[in-house]
Amino acid sequence: MIDLMNNKLSKNAVVGFVFLLLLIPVTVSAITKFNSTFETRSQAAPAGAKIYLWPTSTSLSANQDLTVEVRLKTNQILTNVDLVLSFNPQVAEVMGNVVPGTMFNQYVARLVDNQKGLVGIGGRGEANGQGVFASFKIHTKVKGDVNLHCNYLNAGGATLDAQTADYKVQ
């Protein structure tokens with residue numbers, strides 16, 4: 001009887017061992033397929049939008065005006081972009097209003113606060129390609145760094161690369 005149990009136990013052990021041997025290649029194959037599919041999807045994902053200021057850098061004198069363009073470049077459709085830029089209000093001020101660009105068919109926000117050093121722009125519609133999102137004119141007051149940079153940026157969940165400018169007043 002013990003021989004019979006040992007015989008059944010060894011048969012079960014052999015069957016279990018063979019099952020494991022067959023399962024390992026199937027598992028490795030499934031993991032490999034999953035990883036290669038994931039890598040392919042990651043590489044094929046569209047690149048995000050790039051929003052940047054033009055000119056990217058410049059040296060200015062006190063009491064000088066400069067038109068700043070906020071440019072947008074994307075290879076995916078964006079349905080909205082909301083942007084808040086900040087600057088040093090002791091060194092520069094925004095003259096007049098924010099001028100809408102050509103990227104969106106509707107601009108819901110074009111705000112300027114020279115006391116706090118803020119510019120807000122909101123575009124709606126369908127933007128794709130590259131062009132001017134908006135523009136505005138700054139007027140320099142004294143020597144220093146304008147420190148014009150992005151405080152807030154939202155494009156409805158799309159990935160954005162925000163590049164700011166280096167404006168110095170000498």
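The values are calculated or read from the model by the stated rules, or taken from the named source; none is laboratory data. All values derive from a computational prediction rather than experimental measurement. Every residue, glycine among them, receives a Cβ derived from its backbone with ideal geometry; neighbour counts consider all protein chains shown. Keep in mind that these areas ignore ligands, DNA and RNA; they rest on the heavy atoms of the full protein, side chains included. Shrake-Rupley method; radii C 1.70, N 1.55, O 1.52, S 1.80 Å.
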Taking a threshold of 23 Å on the Cα-Cα distance, which of the pairs Lys73/Lys116; Lys50/Lys143; Lys73/Lys141; Lys73/Lys143; Lys141/Lys168 fall above it? Lys73/Lys116; Lys50/Lys143; Lys73/Lys141; Lys73/Lys143
Sorting Asp166, Asp113 on solvent-accessible surface, 1.4 Å probe, most exposed first, gives Asp166, Asp113
Run the numbers on the range 38-170 and let me know its relative contact order in percent, using alpha-carbon pairs under 8 Å that are six or more apart. 37
Within the under-10-Å Cβ sphere about Ala62, not counting Ala62, Lys/Arg +1 and Asp/Glu -1 give a net charge of +2
Counting only other residues whose beta carbon sits under 10 Å from that of Ala49, what net charge do I get with K and R as +1, D and E as -1? +1
Rounded to whole Å and sorted largest first, list the principal axis extents of the Cα atoms in the range 40-170. 51, 29, 21
Restricting to DSSP loop positions (anything but H, G, I, E, B) with no more than 10 other Cβ atoms inside 10 Å of their own Cβ, which trypsin sites (Lys or Arg not before Pro) remain in the range 94-170? Lys116
